[in-house]
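Report on one structure; see the data block that follows.
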Amino acid sequence: MHPLSPAQQQAYLAHLDVPRPADADRANLDRLIAAQLNRVPFENVDVLLDRPIGIDAEATFAKIVERGRGGYCFEANSLFARLLLSLGYRVSLLAGRVRWGLADSAPQTMLSHLLLCVELAQGPFLVDIAFGSATPFRAMPLHEPSDLPDLPFRLLPPNAAQPHYQLQTRVAEAWLPVYHFDLQASPWIDFAARNWYTATHPQSIFRQMLMAARTDGSTRLTLANGTFKRHHADGRVEQRLIESAAEVLAVLRNEFLLNLDPDLDCPLLKPRLQALLQPSA
């Protein structure tokens, strides 16, 4: 994986509306993460439209920066990694097994999530700006996993019974698993097949429903088909059910900042959304 070019770096930072950081340190990394989560949504619109999902630097840059769209982990996390590399950060790619929504006794899942390990002066940090509903909004230290009082996430380190790291998020009074991972770096080429599965396999959740997420200040916005939620920092959740495809399109534009083409995207997406909004028989 290679870093962005100077011109791409400048355009990406302008898209995030942040200046070029003077130092590749933790404070600037957290500022970049916050700007990314605010400006670049998690979304799977092109998967629902049966469009090829390219994860090379040119394809992700064109989609996210030039076209004002978002993406899922293989797109957004990889492009963010290229930005960090261009800014002098040391970044490696990790693969995770998603456990979100699953019981501890559920069968093992495949390595289907791309996340980042960033080496700072203090040690290695987990960075993930593209999981979706449960996305840490700061870098999380891997060298001393612990609860962070103002962050509804925690990392559990490997132990005799659990030979991997586990990211968890707090929901009400419970800690729920998000994904498992270890620190074995994955070659970039290994993510091509994982991306193909995510975008094309009939059993992939990305082909079965609309998903979008964005952080607006301290509020996490999520959309699952017609269920729109605002997750507030104090734990409150506001929910609204959307019944029309036209309103979903408006929410995607206004709340998730998706630059949807009215001639190329919307006419194709509207009937797909309407079908997803219909209650099952």
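The values are calculated or read from the model by the stated rules, or taken from the named source; none is laboratory data. What you are looking at is a predicted structure, and each value in this text was computed from that prediction instead of being measured. Heads up, the Cβs are rebuilt from the backbone with ideal geometry, glycines too, and the neighbour counts pull from every protein chain shown. SASA here: full protein model, heavy atoms, side chains in, ligands and nucleic acids out. Shrake-Rupley method; radii C 1.70, N 1.55, O 1.52, S 1.80 Å.
Matching the structure-derived log10 I(q)/I(0) by the Debye sum over Cα atoms at q = 0.12, 0.14 Å⁻¹ against the labelled list [x] -0.67, -0.92; [y] -0.95, -1.09; [z] -0.74, -1.04 gives the label [z].
Separation of segment 215-241 and segment 78-157, taken as the distance between their Cα centroids, equals 21 angstrom. Shown in residue order for segment 209-218 are the 3J(HN,Hα) couplings computed by the Karplus curve 6.51 cos²θ - 1.76 cosθ + 1.60 at θ = phi - 60°: 7, 7, 9, 8, 7, 7, 9, 10, x, 9 Hz (x for Gly and Pro). By the gyration tensor of its Cα atoms, with a ≥ b ≥ c the square roots of the eigenvalues, what is the shape of segment 1-82: rounded for a/c under 1.5, prolate for a/b over b/c, or oblate? Taking the square roots of the gyration eigenvalues as a ≥ b ≥ c, segment 1-82 is prolate. Protein heavy-atom accessible surface, 1.4 Å probe, per residue over segment 229-281: 64 Å². Backbone geometry of segment 181-189 corresponds, through the Karplus equation with coefficients 6.51, -1.76 and 1.60 at θ = phi - 60°, to 3J(HN,Hα) couplings of 6, 10, 9, 6, 5, 9, x, 4, 4 Hz, x marking Gly and Pro. Within the chain, which is the longest segment containing none of the GluC sites (Glu not before Pro) that sit in a DSSP loop and have at most 15 other Cβ atoms within 10 Å? Value returned for the longest uninterrupted segment is 1-172.
Residues whose amide H falls under 5 Å from that of residue 120, counting only those 5 or more places apart or on a different chain, are 125, with hydrogens built in the peptide plane.
Within the accessible area of segment 173-281, what % is carbon and sulfur when the probe is 1.4 Å and the other protein chains stay in place? With neighbouring chains kept in place, the figure for segment 173-281 is 54 percent. Across segment 155-169, computed HN-Hα scalar couplings (Karplus, 6.51 cos²θ - 1.76 cosθ + 1.60, θ = phi - 60°) run 10, 9, x, x, 8, 4, 8, 9, x, 7, 6, 10, 8, 10, 10 Hz from first to last residue, x flagging Gly and Pro. Loop-resident trypsin sites (Lys or Arg not before Pro) (DSSP state other than H, G, I, E or B) in segment 187-281 with no more than 14 further Cβ atoms inside 10 Å of their Cβ: 236.
As a calculated quantity, the FRET efficiency between residue 274 and residue 233 at R0 = 35 Å, using C-beta atoms, amounts to about 0.55.
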